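Chemist: Provided herewith is a single structure, encoded as structure tokens, for subsequent inquiry.
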Amino acid sequence: MREEPGAPVTARARLIWAGAVAALALAALAAAEGHGRGSRRSFLPRPELRGRPVAMVGSAADAFRVWRAAGVRGRHLLVLTGQWSKPRSLEAHPPAPAEVRAARAGGEREFLDAESALFTAARVGIARSLEVVMPPSAFTHRLGEVAGLKELERGDGTFRLPFNGFERRFSTPRAFAAPMEPVLVLVEPTWFAEGAPADPLGWLSSEGVAFDLALLALEDPAASEAERRAALAFAQGAGAPFLEAAE
Amino acid sequence: MTGAGADSRRGRPGLALLALTVLALAIRSAGLGAQPLTGDDASVGETARNFVELGWPEPTMWNHPRLRDLLVHLSLDLVGGAWGLRAWSVILGTLSVPAVALLVRALGAGLPASLLAALFVAADPLHLDFSRQGINDVYLSFFPTAAVVALLRYRERRRPGWLVLSGLLLGLGVASKWGAAFPVGIAAAAVMVEALRAPGSRRERAAEAALLASCLTLLPLAVYVLTYWPWLGRGHGLAELLRFHGAMAFETSTHLGYPGTKLPGFPGEVVGAWRWFVQPAWYVDYIPPMPGRDAIPPGGLFVSGVANPLVWLATLPAAAWAGQRWLRQRDATAGWLLLLFLAAWVPLALAPRPIWTNSALAVLPFSSALVAWAAARLHQAFRLPVRLWLAAALLLSALLWAPAVGLSTRPTDAVLRTLVSPLALEPSSHPGS
């Protein structure tokens, strides 16, 4: 079983081996980078949007269905909202039969609602990071909820709170910093509260945010009637058509 | 009993090693398909699907590397079921047996020590337990050990192919858990220092350094990054992978158990690697009763891996003896064995956060090698006591086999209850099950 020594490997041969291994390794790293960047998918314009990348949807769950049907993937998701939902525990609150039927009709593998939509968008790879902008009072409330978590990194009007490594950043409009690349935007009715710009799309443009699709939700789990009306009025004023969720 | 001459007189070392490997495979695979799945097993399957198909490293151990997901996804596609979940642990757990024998042999400890080390690993109930689970801790018994073997082979022969193999194994090891880097790193540092001090021209030393660096840093790095291919497919770039690793490192360094899986104070668990080799160590899984699952008794099922105490508790005395021989008699074999053991264990022992017994699988090959070396040396002067000790150790392994594979007999229960905290054998101590 013993290997017989052959001719000694020269310094030149060692350098060639070193170079070959290094080149192979660097090529693998370059391929990994290319694979990542090449996996991002933008929203392709649809005729019913009449050239404007703005539309109304029922809720975040419908937004998820629109993104998924469009094949959007690997994106920064920018959410303007005054509430924060977590997926509900299906053991404690099982879905109603109608909800189960709706999920099955949509071919969904998991139960989806407005509370779980953002998490699901992250899980299935539509969003690779989440940027949430909140009116000041909602931001303060949210910060209070997470104040004891070890992952929390506070800033001035911002905080970073990754979820198991998934990037999530929260900020007030004042402290918001525009992402470097085009984003997907979701505006929820609770955004239309005191301290938040009343024209979210105009505000985003003034902040230098580029987006390929902005969806204006007419419902969210915490919205008041006044906020729903404000959301609808804004969407109609913006000329946003209503996109049916692909079910 | 040491040296190539003694080895050759003993005839067929390869056959003996093969027999031990077959034994290891047999006890790792016997009845595997019928052994009920633990909660971890089920989560390993779900995580493999989530990671490979979505790039989402949940629900099992998002803060650890992901080789297991790629392998388990493949085996689930190929064979499915319990074997699909556990096949890689069986394979790599089995391969760690010849790997540790080759390690001890490569370090010059002789055939008896190498076969003893292989026997200790093959028959260790903790190693056996984790070789029959989907979770990947036993991968750490193989990849670093094999990487060091390949590195030592390179040190002896200077054939670059061995160094490439070492780098590949190191990459796979680190892609299993980061701790794989500790023993390989210390071995690589020693080989690098040796190579740079060796007589030769500056050009030759530079070529050697370049080869070592490319094979043991760039190559493992590339292998490691490629195991994140599905995650990168979520649109991430390498800079984001680096940032993700910052979050992983933060979680790993502050980890107190995953939500819902641990009780305050960790009752019944061995927490803290500094306790290892000072007291018996165990890992107990509990599978609660499930309607319609006849394999699980009404009171639930415990799967309890206990590191063989007669070998386990001999580690620190063996380490002390190795240290003494290294310093006083310049015994290089003792020095290497000690360094590898310390490199694998000390970083865990010094960790300020809890370290559970599952992490001991990364240290067990090196502690077994050390004890085997000491036993083989002692055997030269104290044949009968060493043989009695070995017989007792094997008997203990046999008694602890049943709980490690989810079976139970009354004599075994008595041994188990002597060694393991009663709290560990309470269902209420296992909230995540």
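Chemist: When residue B:159 is evaluated against the numbered criteria (1) more than 26 Å from residue B:285 (Cα to Cα); (2) touching a residue at least 40 places away in the same chain (Cβ under 8 Å), which criterion, by number, is the only one it fails?
Modeler: It is condition (2) that residue B:159 fails.
Chemist: Please go through segment A:27-54 and pick out each residue that is out of contact with any strand residue (DSSP E or B) (no Cβ under 6 Å at 6 or more places or on another chain), at pLDDT 95 or above and either more than 7 Å from chain B (Cβ to nearest Cβ) or exposed (fewer than 13 other Cβ atoms within 10 Å of the Cβ) (or both).
Modeler: Correct list: A:27, A:30, A:31, A:34, A:38.
Chemist: With respect to the numbered conditions (1) away from every other protein chain (no Cβ under 14 Å); (2) surrounded by 17 or more Cβ atoms within 10 Å (Cβ to Cβ); (3) under 30 Å from residue B:426 (Cβ atoms), which one is the sole condition not fulfilled by residue B:326?
Modeler: (3)
Chemist: Restricting to segment A:75-134, name every residue that is at pLDDT below 70, in contact with a helix residue (DSSP H, G or I) (Cβ under 8 Å, 6 or more places away or on another chain) and either away from chain B (no Cβ under 14 Å) or at positive phi (or both).
Modeler: A:95, A:106
Chemist: What number of residues within segment B:304-325 are outside any helix (DSSP H, G or I), closer than 29 Å to residue B:37 by Cα and more than 16 Å from the chain's Cα centre (by Cα)? Talk me through it step by step, then tell me what you get.
Modeler: From segment B:304-325, those outside any helix (DSSP H, G or I) are B:304-308, B:313-314; that's our starting set.
Next, from what is left, pick out any that are closer than 29 Å to residue B:37 by Cα: B:304-308.
Filter once more, so that each one left must be more than 16 Å from the chain's Cα centre (by Cα): B:304.
So the count comes out to 1.
Chemist: For segment A:179-195, how many residues are out of contact with any helix residue (DSSP H, G or I) (no Cβ under 8 Å at 6 or more places or on another chain), in a loop (DSSP other than H, G, I, E, B) and aliphatic (A, V, I, L, M)?
Modeler: So in segment A:179-195, the residues out of contact with any helix residue (DSSP H, G or I) (no Cβ under 8 Å at 6 or more places or on another chain) come out as A:179-183.
Checking which are in a loop (DSSP other than H, G, I, E, B) leaves us with A:179-182.
If we keep only those that are aliphatic (A, V, I, L, M) as well, we get A:180.
Residues meeting the conditions: 1.
Conditions (1) more than 14 Å from chain A (Cβ to nearest Cβ); (2) farther than 17 Å from residue B:344 by Cα; (3) in contact with a helix residue (DSSP H, G or I) (Cβ under 7 Å, 6 or more places away or on another chain); (4) not small (Gly, Ala, Ser), marked per residue:
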| residue | (1), (2), (3), (4) |
| --- | --- |
| B:95 | yes, yes, yes, yes |
| B:102 | no, yes, yes, yes |
| B:106 | no, yes, yes, no |
| B:124 | yes, yes, yes, yes |
| B:142 | yes, no, yes, yes |
| B:149 | no, no, yes, yes |
| B:154 | no, yes, yes, yes |
| B:167 | no, yes, yes, no |
| B:178 | yes, no, no, yes |
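Chemist: Let me ask another. Residue B:133 is checked against (1) outside any helix (DSSP H, G or I); (2) surrounded by fewer than 22 Cβ atoms within 10 Å (Cβ to Cβ) and fails just one. What number does that condition carry?
Modeler: Failing condition for residue B:133: (2).
Chemist: Still on this structure, I have one more. Mind checking whether some residue in segment B:74-90 is surrounded by 24 or more Cβ atoms within 10 Å (Cβ to Cβ), closer than 21 Å to residue B:398 by Cα and in contact with a helix residue (DSSP H, G or I) (Cβ under 7 Å, 6 or more places away or on another chain)?
Modeler: There is at least one residue in segment B:74-90 that is surrounded by 24 or more Cβ atoms within 10 Å (Cβ to Cβ), closer than 21 Å to residue B:398 by Cα and in contact with a helix residue (DSSP H, G or I) (Cβ under 7 Å, 6 or more places away or on another chain).
Chemist: Does residue B:153 fit the bill of being under 30 Å from residue B:325 (Cα atoms), modelled with pLDDT under 95 and not aromatic (Phe, Trp, Tyr)?
Modeler: When the stated conditions are applied, residue B:153 does not pass them.
Chemist: Moving on. Out of (1) farther than 18 Å from residue B:258 by Cα; (2) in contact (Cβ under 8 Å) with a residue 40 or more places away in the chain; (3) within 12 Å of another protein chain (Cβ to nearest Cβ), the odd one out for residue B:24 is which?
Modeler: (3)
Chemist: Still on this model: Can you give me the ranges of the helices (runs of 4 or more DSSP H) entirely in segment B:153-256 with at least 2 residues that are among the basic types (Lys, Arg)?
Modeler: B:202-213
Chemist: Restricting attention to segment B:240-258, report how many residues are surrounded by 17 or more Cβ atoms within 10 Å (Cβ to Cβ), within 7 Å of chain A (Cβ to nearest Cβ) and more than 14 Å from residue B:174 (Cβ to Cβ).
Modeler: The total comes to 2.
Chemist: Next up: Test of understanding: among B:196, B:211, B:169, which residue is surrounded by 24 or more Cβ atoms within 10 Å (Cβ to Cβ) and more than 23 Å from the chain's Cα centre (by Cα)?
Modeler: Result: B:211 is the single residue among B:196, B:211, B:169 that is surrounded by 24 or more Cβ atoms within 10 Å (Cβ to Cβ) and more than 23 Å from the chain's Cα centre (by Cα).
Chemist: Another one. Tell me, which residue of segment B:156-165 that is surrounded by fewer than 24 Cβ atoms within 10 Å (Cβ to Cβ) and on the phi < 0 side of the Ramachandran plot is farthest from the other protein chains (Cβ to nearest Cβ)?
Modeler: In this case the residue turns out to be B:165.
Chemist: Has segment B:93-103 got at least one residue that is surrounded by fewer than 24 Cβ atoms within 10 Å (Cβ to Cβ), over 22 Å from residue B:258 (Cα atoms) and without any contact (Cβ under 8 Å) to a residue 12 or more places away in the chain?
Modeler: Checked against the condition, which is being surrounded by fewer than 24 Cβ atoms within 10 Å (Cβ to Cβ), over 22 Å from residue B:258 (Cα atoms) and without any contact (Cβ under 8 Å) to a residue 12 or more places away in the chain, segment B:93-103 yields no hits at all.
Chemist: For segment A:141-192: of the residues being aliphatic (A, V, I, L, M) and surrounded by 21 or more Cβ atoms within 10 Å (Cβ to Cβ), which is farthest from the other protein chains (Cβ to nearest Cβ)? Outline the logic, then answer.
Modeler: Keep residues of segment A:141-192 that are aliphatic (A, V, I, L, M), which gives A:143, A:146-147, A:149, A:152, A:161, A:175, A:177-178, A:180, A:183-187.
Now drop any that are not surrounded by 21 or more Cβ atoms within 10 Å (Cβ to Cβ), which leaves A:183-187.
Numbers: A:183: 12, A:184: 12, A:185: 17, A:186: 18, A:187: 22 Å.
Looking at the filtered set, the residue picked out is A:187.
Chemist: On the given criteria, is residue B:391 in a helix (DSSP H, G or I), at pLDDT 95 or above and farther than 19 Å from residue B:279 by Cα? Quick ask: steps written out before the conclusion?
Modeler: Working: in a helix (DSSP H, G or I): yes; at pLDDT 95 or above: yes; farther than 19 Å from residue B:279 by Cα: yes.
For residue B:391, the condition - in a helix (DSSP H, G or I), at pLDDT 95 or above and farther than 19 Å from residue B:279 by Cα - is met.
Chemist: Would you say residue B:235 is under 21 Å from the mean Cα position of the chain (by Cα), over 20 Å from residue B:63 (Cβ atoms) and facing chain A (nearest Cβ under 8 Å)?
Modeler: No, not satisfied.
Chemist: Can you confirm whether residue B:292 is at positive phi, out of contact with any Pro (no Cβ under 6 Å at 6 or more places or on another chain) and touching a residue at least 60 places away in the same chain (Cβ under 8 Å)?
Modeler: no
Chemist: Then there is this: Considering only helices (runs of 4 or more DSSP H) fully contained in segment B:1-111, which possess at least 1 residues that are modelled with pLDDT of 95 or more?
Modeler: Filter on segment B:1-111 gives B:13-29, B:39-54, B:67-78, B:81-106.
Chemist: Say whether the condition of being under 27 Å from residue B:302 (Cβ atoms) and surrounded by fewer than 16 Cβ atoms within 10 Å (Cβ to Cβ) is met by at least one residue in segment B:344-353.
Modeler: The answer is yes, given that some residue of segment B:344-353 is under 27 Å from residue B:302 (Cβ atoms) and surrounded by fewer than 16 Cβ atoms within 10 Å (Cβ to Cβ).
Chemist: When you check residue A:198 against the structure, is it in contact with a strand residue (DSSP E or B) (Cβ under 6 Å, 6 or more places away or on another chain) and assigned to a loop (DSSP other than H, G, I, E, B), yes or no? Even if it seems obvious, please write down each step before you answer.
Modeler: Working: in contact with a strand residue (DSSP E or B) (Cβ under 6 Å, 6 or more places away or on another chain): no; assigned to a loop (DSSP other than H, G, I, E, B): yes.
No.
The values are calculated or read from the model by the stated rules, or taken from the named source; none is laboratory data. Source: prediction; values computed, not measured. No Cβ is skipped: glycine too gets one built from the backbone with ideal geometry, and neighbour counts run over all protein chains shown.
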